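*Asks:* Please see the structure below; I have some questions.
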Amino acid sequence: MMADLIITIDGPAASGKSTVARLLAQKLGASFLDTGAMYRAVTLAAMQAGVDLNDQEKLLDIAQTCKFQFSVEADKMIVCIDGIDATEHLRSPEVTANARYIAAAPKVREILVQMQRQFAADRQKIVTEGRDQGTVAFGDADVKFYLTADASERARRRQAELAGKDTGQTIEQIQKIIDERDKSDENRAVGPLKPAEDAIIVDTTNLSIEQVVEKLSGHVRGKCSKKN
Ligand code: C5P
């Protein structure tokens, strides 16, 4: 089976992808897939196993032998590793920093892309979010978006998201971490962060979440009325 409607949202860190993808999915009655959570899950499993993160064979072994389960509950991706709910640990600063090793391992990416396609095949409509969803995972998606925002605005959003978690990071430190992550995402050989040729680029710097969701759903409506 293949989903009837596939919408991809790619873009740099803290560009609002997950929030927008979740809300757009809700609006369209579609499933939502946060593919960053998959990279984070393999990262966490590798860290827990204590393997050398530069050793791609070991990373592949982790990706193949651990049992990963991805489900959505109350609009949140729940990730289990070998039957244990790991959701709360996926967004720690350590996992965030180490995800680049997993993201740069081509064979691990292949496995995760397969899992993403399987997830879509099991559903009727899907909104999927990440870095390579429109370029690699779903080259023939119905509508592709690429969300951007100025670096300072993205740092501000991440700071607001972290508020209350007391990470002790200044806005400058947050911006530096985001910049480094984007550089590493843009420069890897496989599945790099870049807009698909046919992606609709949306600069969200001066838009509210609601405005972004409205804009995207307008494009989807336009596309679907042409299709039918
Ligand atoms: O989106 P999120 O910040 O959760 O992604 C964590 C990391 O996983 C990214 O910085 C990126 O290196 C990697 N990733 C990827 N391809 C995707 C989604 C995430 O390489 N489709």
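*Asks:* If I compute solvent accessible area with a 1.4 Å probe over the protein chains, what percent of it on the chain is carbon and sulfur?
*Replies:* On the way: 5630 of 11460 Å².
After summing per-atom areas, the C and S share lands at 49 percent.
*Asks:* I need to check one value: relative contact order of segment 5-212, counting alpha carbon pairs closer than 8 Å and at least 6 residues apart, in percent. Kindly include the intermediate steps, with their values, before the conclusion.
*Replies:* Details: 320 pairs, mean separation 70.6, N = 208.
Averaging sequence separation for qualifying contacts and normalising by length gives 34 percent for segment 5-212.
*Asks:* Determine how large the accessible area of Ser71 is when every protein chain is in place; take a 1.4 Å probe and give Å² rounded to the nearest 10.
*Replies:* Per-residue accessible area (Ser71): approximately 50 Å².
*Asks:* When ligands, DNA and RNA are left out and all protein chains stay put, how many square angstrom of accessible area per residue does segment 5-212 have with a 1.4 Å probe? Could the numbers behind the result be given before it?
*Replies:* Numbers: 9970 Å² over 208 residues.
Per-residue accessible area for segment 5-212 comes out at 48 Å².
*Asks:* Keeping all protein chains in the complex and leaving out DNA, RNA and ligands, what accessible area do you get for Met2 with a 1.4 Å probe, in Å² to the nearest 10?
*Replies:* In the full protein context, Met2 sits at about 110 Å².
*Asks:* Kindly provide the helix-only [θ] at 222 nm of the chain, computed as the sum of -39,500 (n - 2.57) over DSSP H runs of four or more divided by all residues, to the nearest 500 deg cm²/dmol?
*Replies:* So the helix-based figure for the chain works out to -16000 deg cm²/dmol.
*Asks:* Right, another one. Could you pull out every one of the lysines with an alpha carbon less than 21 Å from that of Lys223, ignoring same-chain neighbours closer than 8 positions?
*Replies:* Here the lysines satisfying the reach criterion relative to Lys223 are Lys17, Lys27, Lys125, Lys144, Lys215.
*Asks:* Only Cα pairs within less than 10 Å get springs; with that Gaussian network setup on the chain, which residue of Leu90, Leu162, Leu33 has the largest fluctuation?
*Replies:* Looking only at Leu90, Leu162, Leu33, the largest GNM fluctuation is found for Leu162.
*Asks:* Restricting to Cα atoms and excluding each atom paired with itself, what does the Kirkwood estimate give for the chain in Å?
*Replies:* In the chain this quantity evaluates to 17.9 Å.
*Asks:* In Å³ and rounded to a whole number, note down the convex hull volume per residue for the Cα atoms of segment 20-152.
*Replies:* With only Cα atoms used, segment 20-152 gives 125 Å³ per residue.
*Asks:* Can you list residues from other chains, or at least 5 along the same chain, whose modelled amide H is less than 5 Å from the amide H of Asp203?
*Replies:* When sequence neighbours closer than 5 places are left aside, the close amide H contacts are Thr148.
The values are calculated or read from the model by the stated rules, or taken from the named source; none is laboratory data. The structure displayed is predicted, hence computed values, not measured ones. Note: areas computed on protein heavy atoms with side chains; ligands, DNA, RNA excluded. Shrake-Rupley method; radii C 1.70, N 1.55, O 1.52, S 1.80 Å.
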